[in-house]
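Q: Have a look at this one.
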Amino acid sequence: MTFINKLKDFAVKSPWLYRINGGSCNGCDVELATTACIPRYDVERLGCQYCGSPRHADIVLITGPLTRRVLDAARRVYDEIPDPKVTVAVGVCPISGGIFRESYAVCAPIDQYFPVDVNVPGCPPRPQAIIEGVAKAIAIWRQRL
Amino acid sequence: MNFLTLFARNLWHGPYTDVFPFGPATTPEHLRARITFDPKQCEGCRLCEKVCPAGAIRFTRTPGGMTFDCWHATCVFCGTCEFYCPTKAVKQSNDWHLAHEQGEKYAQVEHGLIPNQICVECGAKALDTSPAVSHIKPPLSETEVSELRARCPKCRNKYLRSRKTS
Amino acid sequence: MTSQIATLLAVLLFPGGLFALVLGLALKGADRRVAARLQGRVGPPLIQPFFDLIKLGFKRTMVPTEASETVFLAAPLVGSVAMLISAALIPIAGVYAPDTELGNLLVLLYLLAVPGICLMLAGSASGSPYGAIGFSREMALMLAYEGPIVLIVAAVGMRTGMAEGHWVTFSLTEIVRYQQVHGWFLFDPIMWPAVAAFAFFYPANLGIVPFDIPEAETEVLEGPLLEYSGPALGLFKVMSALKAVVVLGLGIALFLPLPFTGPLAFVGWLVEIVVLMLVGVTALRVSAGRMRIDQAFVFFLKWPLLLAIASVAAVALAAGGAS
Ligand code: SF4
Ligand code: SF4
Ligand code: SF4
């Protein structure tokens, strides 16, 4: 049992990130790209890697207030992600709707539709705040594994 | 061949990465992040509530006074509230550590209470707000401000009128 | 009987198998780490690929409903096994010479094509349109680079074979031994076209930028790998790690085997392969942009093919002039 636990400790050092854009204004997506591309923030130190396919993902980052049009697609993509997975809402849009709150066109907050685990408020959040959120998500992921 | 010099420089200089999350993070001094509120300075004008584009600020009348709540999970860090606040009771700090787990979602609130007080002149119950004195000429002295503060709005008006005539 | 056991050990333990796997994963880790350093970042720890593999072991393998399940699950397995065997076919100068019964250069060429074919199978079996696009791209790229590599190998084989008195040799051991005596082909002007053609071939075979067109994650979402998850994806990672060792090992055996024996030769070989990985793969990957598939196809039909034909012609002419 301890051996398996040890392996799991190693496994959580490789969280692969996948981002779902739920109709975001792209501000948050740019900050997500920043965490990976700008040397100063470098999320790869945690072993993270942005992957192109939802099937490879461990941690899902959802941005945007989930517009009505994208709701169905986002839910389908979310279901493609193999368990165990952790969901992170990035930006105030998915958490509460932010600036788009109570608009007829958005379905925010997204926790009505997805089991969100970690929230990273901000519009957009600072890249370091996103990294902090990912670190929190990793801790949750360890318990799920 | 620009990229080759870049490679050489990076190899030589080493990484430019911040130590965060394995150590303290560098934060710009003027970063606009978490809203803070100081009930002592608030005038109770509720301008911030009106101008907030995200509807993050809410004032509520309670038996104990008036509460201020700013939900960080919907504040967009625009700074409008601070800009319009006459006394800068509501301010933006540069603290960006807002990431939280889902269970704490509705606890991400900046909360403040402007308590009730008893007016020293008429004995009515009124809010202990900071008096709006910035545009009054000649400027009020410290003691005058504290005297003004201890009164209800009606008595404050009376106080100021009597000050003008005298 | 003993030779069979030795062969089995070669496939499962020393130059193939476990050793190649660990080396391949370590090379991948070094690649990521150095790439990060070149970009001014810290990058993941050196053993990150091991973490990735362990992680993938804990995940669930999902098979899409439209996929053909047998092919979908067999493809990564076949690819990794093919690479395991080919890793045992690569000689390490002065340390290990592959058993002739296991195969020669021609077998290696066939085995080298297997991962590409497995990727194509995986892409088409996954039933995803992105997989299909990856399939067609992989096929176009393979058609483009398989020609040059055959000619390169033929040129090297002829060069050695003619010097040894027969027409052409397909034994890597012989090629390595010849170079240990007569010096690297890398410094042989007649072989330069072949070296240049090989320099174009290996990035395409390893699927790195600028030739990672079939698996471009920004365009076709990792193409054939799109539908894979969990252990099956891990097998593909194993395959690509082994492939790095095989292709770079092949390059070393063809053009620059060390003339030492014993431990020094082994350490030297390790150094060579790491340097090749960092200079040839990492620096290239970080500095280049991705080609379009039609550009890459035309490019391969032009330069590497031309260079490879030129190298065969040069070897033939040199041999004709000498005799
Ligand atoms: S939180 Fe702000 S930056 Fe992020 S998607 Fe919403 S509006 Fe854009
Ligand atoms: S915080 Fe400032 S703007 Fe808001 S009610 Fe108080 S004084 Fe007015
Ligand atoms: S910063 Fe903007 S969104 Fe946030 S509380 Fe102030 S006015 Fe509202």
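Q: With a 1.4 Å probe and all protein chains left in place, how much of the accessible area of the stretch B:64-103 comes from carbon and sulfur atoms, in whole percent?
A: The computed percentage sits at 56.
Q: Hey, if you put +1 on the Cβ of every Lys and Arg and -1 on every Asp and Glu Cβ in the stretch C:2-322, which of C:PRO304, C:SER229, C:VAL315 ends up farthest toward the positive end of that dipole?
A: C:SER229
Q: Out of the DSSP beta bridges found with both residues in the protein assembly as shown, what percent are antiparallel (nearest 5)?
A: Numbers: 23 of 38 bridges.
So the antiparallel bridges in the protein assembly as shown amount to around 60 percent.
Q: May I pose another question? Give the Kirkwood hydrodynamic radius (Å, one decimal) of the stretch C:1-78, defined as one over the mean of 1/r across all pairs of different Cα atoms.
A: The answer is 15.5 Å.
Q: Past the 23 angstrom mark, what percentage of all C-alpha to C-alpha distances in chain A do you count?
A: Values: 3229 of 10440 pairs.
Of all Cα-Cα pairs in chain A, 31 percent lie more than 23 Å apart.
Q: Find which of B:LEU11, B:LEU47, B:ILE136 sits farthest along the positive direction of the dipole of chain B, computed with +1 on the beta-carbon of Lys and Arg, -1 on that of Asp and Glu, about the Cα centre.
A: B:ILE136
Q: Report the charge-dipole magnitude of chain C in Debye, nearest 20, computed about the Cα centre from +1 at each Lys and Arg Cβ and -1 at each Asp and Glu Cβ.
A: That gives a dipole near 720 debye.
Q: Determine the share of chain C's accessible area contributed by carbon and sulfur atoms, expressed in whole percent, with a 1.4 angstrom probe.
A: That share works out to 72 percent.
Q: Please go through the stretch C:42-147 and write out the GluC sites (Glu not before Pro) that DSSP classes as loop and that have at most 14 other C-beta atoms within 10 Å.
A: Hits after loop and neighbour filter: C:GLU66, C:GLU101.
Q: A follow-up question, please. Taking only the alpha carbons of the protein assembly as shown, what extent do you get along each of the three principal axes, in Å, biggest first?
A: Principal extents (Cα only, largest first): 125, 51, 48 Å.
Q: Okay, moving on. Compactness ratio of the stretch C:2-322: Cα Rg over 2.2 N^0.38 Å, N = residue count?
A: With N residues counted in the stretch C:2-322, Rg over 2.2 N^0.38 Å equals 0.98.
Q: What per residue convex hull volume, in Å³, comes out for chain B when only alpha-carbon positions are used?
A: 201
Q: Run through the DSSP bridge list for the stretch A:2-144 and note the antiparallel percent, rounded to the nearest 5.
A: Looking only at bridges with both residues in the stretch A:2-144, the antiparallel portion is about 5 percent.
Q: Within 10 Å, count the other beta carbons around each residue, average over each peptide in B:17-28, A:65-76, B:72-83, and list them highest first.
A: B:72-83, A:65-76, B:17-28
Q: Tell me the per residue accessible area of the stretch A:2-144 using a 1.4 Å probe; a whole number in Å² is fine. Numbers along the way, then the final one.
A: Working: 5310 Å² over 143 residues.
Using a 1.4 Å probe on heavy atoms only, each residue of the stretch A:2-144 averages 37 Å².
Q: In square angstrom and rounded to 100, what buried accessible area do you get between chains A and C, total over both, with the probe at 1.4 Å?
A: Values: alone 7990 and 14530 Å², together 20050 Å².
It comes to approximately 2500 Å² buried between A and C.
Q: Further question: What is the mean number of Cβ atoms from other protein chains located within 10 Å of the Cβ atom of each residue in peptide C:57-66, rounded to a whole number?
A: 4
Q: Would you work out which of A:ALA105, A:CYS123, A:ILE138 lies farthest towards the positive end of the dipole of the stretch A:98-145, given +1 charges on the beta-carbon of Lys and Arg and -1 on that of Asp and Glu, about the Cα centre?
A: Checked the options; the winner is A:ILE138.
Q: Here's a follow-up. What is the mean number of Cβ atoms from other protein chains located within 10 Å of the Cβ atom of each residue in peptide A:111-124, rounded to a whole number? Walk me through the numbers before you get to the answer.
A: Values: counts 2, 0, 0, 0, 1, 3, 3, 6, 10, 5, 15, 11, 7, 2.
Per residue, the average neighbour count from other chains is 5.
Q: For all pairs of alpha-carbon atoms in the stretch C:157-295, what percent lies in each bin of width 5 Å, listed from the first bin to the last filled one?
A: 2, 9, 15, 19, 17, 14, 11, 8, 5, 2, 0
Q: Solvent-accessible area of A:ASP111, probe 1.4 Å, all protein chains present, reported in Å² to the nearest ten, please.
A: 50
Q: Computed over the Cα atoms, what is the radius of gyration of the stretch C:76-170 divided by 2.2 N^0.38 Å, N being its residue count?
A: After normalising by residue count via 2.2 N^0.38 Å, the value is 1.31.
Q: Name the residues of the stretch A:8-30 whose accessible area falls by at least 30 Å² when all protein chains are present instead of the chain alone, probe 1.4 Å?
A: Residues passing the criterion (a loss of at least 30 Å², heavy atoms only) are A:PHE10, A:ALA11, A:LYS13, A:SER14, A:TRP16.
Q: While we're here: Report, in degrees rounded to the nearest 10, the 0 to 90 angle that the Cα long axis of helix C:129-164 makes with the longest principal axis of chain C.
A: 10
Q: Of the lysine pairs in chain C, how many meet both conditions: Cα atoms under 26 Å apart, and a spacing of 8 or more in sequence or different chains?
A: So the count of such lysine pairs works out to 9.
Q: While we're looking at this one, here's another question. When the accessible area of the stretch A:2-144 is computed with all protein chains present and a 1.4 Å probe, what percentage of it is carbon and sulfur?
A: 54
Q: Based on DSSP H runs of at least 4 residues, each adding -39500 (n - 2.57), what is the mean residue ellipticity at 222 nm of the protein assembly as shown after dividing by all its residues, to the nearest 500 deg cm²/dmol?
A: After summing the helix terms and dividing by residue count, I get -16500 deg cm²/dmol.
Q: For the stretch B:68-86, list whatever residues lose no less than 50 Å² of accessible surface once every protein chain is in place, relative to that chain by itself, with the probe at 1.4 Å.
A: The answer is B:ALA73, B:VAL76 - residues whose exposure falls by at least 50 Å² when every protein chain is included.
Q: If you don't mind, there's one more thing I want to ask. Heavy-atom accessible area per residue, the stretch C:2-322, 1.4 Å probe: how many Å²?
A: Counting only protein heavy atoms, the per-residue value for the stretch C:2-322 is 39 Å².
Q: Give the cross-link partners of A:LYS85 among the aspartates and glutamates, using a straight C-alpha distance below 17 Å as the criterion and excluding same-chain residues fewer than 8 apart.
A: A:ASP9, A:ASP58, A:ASP111, A:ASP117, B:GLU101, C:ASP52, C:GLU227
Q: Given Cβ point charges of +1 (Lys, Arg) and -1 (Asp, Glu) and nothing else, what value in debye, to the nearest 20, does the dipole of the stretch A:2-144 about its Cα centre take?
A: That gives the stretch A:2-144 a dipole magnitude of about 200 debye.
Q: Rounded to the nearest 100 Å², what's the accessible area chains B and A bury against each other, both chains counted, probe 1.4 Å?
A: Interface area, both chains combined: 2600 Å², rounded to the nearest 100.
Q: Placing +1 at every Lys and Arg Cβ and -1 at every Asp and Glu Cβ, with all other atoms neutral, what dipole size does the stretch B:1-76 have around its Cα centre, in debye to the nearest 20?
A: On the way: 8 positive and 6 negative charges, 37 e Å.
Roughly 180 debye, rounded to the nearest 20.
Q: Along Cα→Cβ, 7 Å out, is where each label goes; now give me the distance between the ones at C:ASP294 and A:THR2 in nm to one decimal.
A: 6.3
Q: Under a crude label model (7 Å from the Cα following the beta-carbon direction), how far is B:SER93 from A:GLN112 in nanometres?
A: 3.3
Q: Which chymotrypsin sites (Phe, Trp or Tyr not before Pro) from the stretch A:1-45 combine a DSSP loop assignment with at most 10 other Cβ atoms within 10 Å?
A: none
Q: Next question, about the same structure. List the equivalent ellipsoid semi-axes of the stretch A:1-65 in whole Å, largest first, each obtained as the square root of 5λ for an eigenvalue λ of the Cα gyration tensor.
A: Semi-axes from the Cα gyration tensor: 27, 15, 8 Å.
Q: A further question follows. What is the helix-to-structure angle for C:192-206, meaning the angle in degrees between its Cα long axis and the longest Cα principal axis of chain C, kept from 0 to 90 and rounded to the nearest 10?
A: Between the helix axis and the principal axis of chain C, the angle is about 20 degrees.
Q: Can you give the FRET efficiency for B:TYR84 and C:SER287, using 1/(1 + (r/R0)^6), R0 = 45 Å, r = Cβ-Cβ distance, to the nearest 0.05?
A: 0.35
The values are calculated or read from the model by the stated rules, or taken from the named source; none is laboratory data. Every value quoted in this text rests on a predicted model; they were computed, and no experiment measured them. Counting neighbours? That spans all protein chains shown, and the Cβs are built from the backbone with ideal geometry, glycine included. Only protein heavy atoms, including side chains, enter the accessible area calculation; ligands, DNA and RNA are left aside. Shrake-Rupley method; radii C 1.70, N 1.55, O 1.52, S 1.80 Å.
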